[in-house]
């Protein structure tokens, strides 16, 4: 009887793992389809850049005003290059 419970638990665990893999694959496909390509996004919105650096949106805006970060403007949208964010991180490592 105990072995039956272990087998059922193993089967359930395997089912959950398989389901998690399928969900992850589906989310990845959906994200790729929404972006229209399989490349990672290089330009981020100000809000995304704030999340990327774990800073507030107002801090990002202040960094733009002070020229600490540069902005890419296109069609009224302001975006920040991920490479610039990575450079900022490297410059501010302790």
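At a glance:
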| item | result |
| --- | --- |
| Residues of the stretch 47-91 satisfying the condition of being out of contact with any strand residue (DSSP E or B) (no Cβ under 8 Å at 6 or more places or on another chain), assigned to a loop (DSSP other than H, G, I, E, B) and modelled with pLDDT of 95 or more | 54, 55, 56, 66, 67, 68 |
| Qualifying residue in the stretch 1-21 (condition: at pLDDT below 95 and part of a loop (DSSP other than H, G, I, E, B)) | yes |
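The values are calculated or read from the model by the stated rules, or taken from the named source; none is laboratory data. Source: prediction; values computed, not measured. Here the Cβ is made from the backbone with ideal geometry for all residues, glycine too, and neighbour counts use every protein chain on show.
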